[in-house]
1. Can you pull out the residues in the range 162-180 that are in a helix (DSSP H, G or I), surrounded by 11 or more Cβ atoms within 10 Å (Cβ to Cβ) and without any contact (Cβ under 8 Å) to a residue 60 or more places away in the chain?
2. Could you tell me whether Phe150 is crowded, with 18+ Cβ neighbours inside 10 Å and touching a strand residue (DSSP E or B) at 6+ places or on another chain (Cβ under 7 Å)?
3. Say we look at the range 100-131 and pick out the residues that are in a loop (DSSP other than H, G, I, E, B) and modelled with pLDDT of 95 or more; which of these is farthest from Glu13 (Cα to Cα)?
4. Within the set of pairs 6 or more residues apart or between chains, which connect a residue that is closer than 13 Å to Gln87 by Cα inside the range 187-198 to a residue that is among the hydrophobic types (A, V, I, L, M, F, W, C) and surrounded by fewer than 15 Cβ atoms within 10 Å (Cβ to Cβ) with Cβ atoms less than 7 Å apart?
5. In the range 133-150, what count of residues is obtained for those that are in contact (Cβ under 8 Å) with a residue 40 or more places away in the chain and outside any helix (DSSP H, G or I)?
6. Quick test for you: out of Asn120, Asn108, pick the one residue that is polar (S, T, N, Q) and surrounded by fewer than 20 Cβ atoms within 10 Å (Cβ to Cβ).
7. What's the total number of residues in the range 181-216 that are outside any loop (DSSP other than H, G, I, E, B) and either aliphatic (A, V, I, L, M) or within 18 Å of the chain's Cα centre (by Cα) (or both)?
8. Can you spot a residue in the range 187-197 that is at pLDDT below 95, among the aromatic types (Phe, Trp, Tyr) and surrounded by 15 or more Cβ atoms within 10 Å (Cβ to Cβ)?
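The values are calculated or read from the model by the stated rules, or taken from the named source; none is laboratory data. Computed from a predicted structure; not experimentally measured. With ideal geometry, Cβ positions are generated from the backbone for all residues, glycine too; neighbour counts draw on all protein chains shown.
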Amino acid sequence: MASSIVHLAITNELTKVIDFSDSARLKFGAVVVDAGAGGNQYGNTHMKIFVEDGKKKTYNLDRYREMFGERMLKDDLYMGYYLHLVQDALYRHYVYDIHHWNPRIPGNVDRLHKDYEILNQYVINKYRLTNDLTVPDRFEDEDLNQLGAFDTEQLLRNMNAFFSPVEEEPIFFFTKEMCDEFIGEAVLFCTEEVKKLRDGKPGIDMLEYAWNSGQV
């Protein structure tokens with residue numbers, strides 16, 4: 001789904017409009033989802049599940065809120081993780097429904113990932129990101145590990161690679177303009193989502209963002 005650097009950019013922008021108690025834990029939570037190294041009864045660290053008798057899939061945001069709803073209001077690590085899942089739901093809608101992305105065409109997935117690689121430096125510079133991600137002390141004891149295994153060492157290695165400049169090449173699909181548009185929309189949505197949760201109101205409806213189970 002959205003690249004880790006895009007998740008960091010959204011998180012960085014959120015800290016400018018919402019007060020969080022621990023931006024370091026928020027930031028780590030926002031990217032550790034992608035460090036999932038194995039699944040369990042919840043599907044995987046992205047918490048994808050089948051719905052509508054297996055016809056569709058979605059992110060199990062209801063289950064996450066059931067497990068960690070109170071925790072994420074007090075601990076930004078858990079809020080960051082939740083917002084990553086929300087952003088991935090928004091991203092699927094953005095690339096599949098709005099821009100008609102087709103991953104079934106051979107090579108398209110690899111080309112999209114190449115776009116991420118090309119765009120990383122642009123996003124880092126524009127949103128003034130720094131490579132200061134740190135693993136929280138005793139992360140292995142966090143309740144998030146109920147969702148699956150996390151390879152945090154590989155996550156840090158990946159982050160170093162993402163921050164390493166690469167030669168700019170022509171974009172295939174996910175342009176700079178699309179990237180900025182998505183980040184802006186995600187910041188607005190996540191801002192409202194955090195406000196709703198803090199006010200005790202229902203969060204995003206995960207079924208509204210369900211997709212056909214045959215899609216990647």
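1. Of the range 162-180, the ones in a helix (DSSP H, G or I) are 162, 176-180.
Right, trim to surrounded by 11 or more Cβ atoms within 10 Å (Cβ to Cβ) and you get 162, 176, 178-180.
Result: Lys176, Asp180.
2. On the way: crowded, with 18+ Cβ neighbours inside 10 Å: yes; touching a strand residue (DSSP E or B) at 6+ places or on another chain (Cβ under 7 Å): yes.
Yes, satisfied.
3. Narrowing the range 100-131 to residues in a loop (DSSP other than H, G, I, E, B): 100-107, 127-131.
Those left that are additionally modelled with pLDDT of 95 or more: 127-131.
On the way: Tyr127: 8, Arg128: 10, Leu129: 10, Thr130: 13, Asn131: 16 Å.
Going through the qualifying residues, I end up with Asn131.
4. Matching pairs, first to second residue: Thr191/Val17.
5. Counting residues in the range 133-150 that are in contact (Cβ under 8 Å) with a residue 40 or more places away in the chain and outside any helix (DSSP H, G or I) gives 8.
6. On the way: Asn120 fails: surrounded by fewer than 20 Cβ atoms within 10 Å (Cβ to Cβ).
Of Asn120, Asn108, the one residue that is polar (S, T, N, Q) and surrounded by fewer than 20 Cβ atoms within 10 Å (Cβ to Cβ) is Asn108.
7. First pass over the range 181-216, keeping only residues outside any loop (DSSP other than H, G, I, E, B): 181-198, 206-209, 211-212.
Filter again for either aliphatic (A, V, I, L, M) or within 18 Å of the chain's Cα centre (by Cα) (or both), leaving 181-194, 197, 206-209, 211.
Number satisfying all stated conditions: 20.
8. First, the residues of the range 187-197 that are at pLDDT below 95: none.
No; the residues of the range 187-197 include none that is at pLDDT below 95, among the aromatic types (Phe, Trp, Tyr) and surrounded by 15 or more Cβ atoms within 10 Å (Cβ to Cβ).
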